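The values are calculated or read from the model by the stated rules, or taken from the named source; none is laboratory data. As the structure is a prediction and not an experimental result, all values here were calculated from the model. When the accessible area is computed, the model is the full protein with side chains, heavy atoms only, and any ligands, DNA or RNA have been set aside. Shrake-Rupley method; radii C 1.70, N 1.55, O 1.52, S 1.80 Å.
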Amino acid sequence: MAEARAKQLADRIQVLVAELLERRVKDPRLGFVTVTDARLTGDLREASVFYTVYGDEQERASTAAALESAKGLIRSEVGKALGLRHTPSVAFFLDAVPETAGQIEELLAKARSADAEVAKAAAGAKPAGEADPYKRKDADDDVTDEDEDA
């Protein structure tokens, strides 16, 4: 039951942080940021917020600095909205999912091209042995032991 509550509060924190970044935080260093996930520990003391930034490495670094400077405001607003006895501390982490997904897509494209080359090479190939290498029973060989006894 505690895990369900932590998950529910983490989802609420994700929405709250996204709204705060959109409406309240007016830092010019803040780039095009998307809050992708939030996780809360079982004791509800620490919240980890994952985000992605559209842009290059410099924009990621400036967004990380802007989030670090806005951490106090975000924590106090999250505490007010959640109404918990202890407001969880907030930590921001750059989400590596988009880069990982890009690498996986590249690997899948390589695998598709290799499969296409194999299929192209196999198109005109003939079997080394017989066309059907499996031994099959003929219709006459379906006689069972019971039929032989009769």
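Table for the structure above
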quantity	calculated
The chain, relative contact order in percent, only Cα pairs under 8 angstrom and at least six apart counted	19 percent
Gyration tensor (alpha-carbon) shape descriptor, the range 31-150, a/c threshold 1.5	oblate
Candidates 123, 18, 64: whichever shows maximal mean-square fluctuation once the chain is modelled as a Gaussian network with Cα springs under 10 Å	123
Gaussian network model of the chain, Cα within-10 Å springs - most flexible of 75, 60, 24	24
Built amide H within the under 5 Å cut-off of residue 90, gap 5+	47
Percent accessible area from carbon and sulfur atoms, the range 27-150, protein chains only, probe 1.4 Å	53 percent
Heavy-atom accessible area per residue - the range 18-150, 1.4 Å, Å²	75 Å²
Integer Hz, Karplus 6.51/-1.76/1.60 couplings in order for the range 32-37, x for Gly and Pro	6, 9, 10, 7, 9, 6
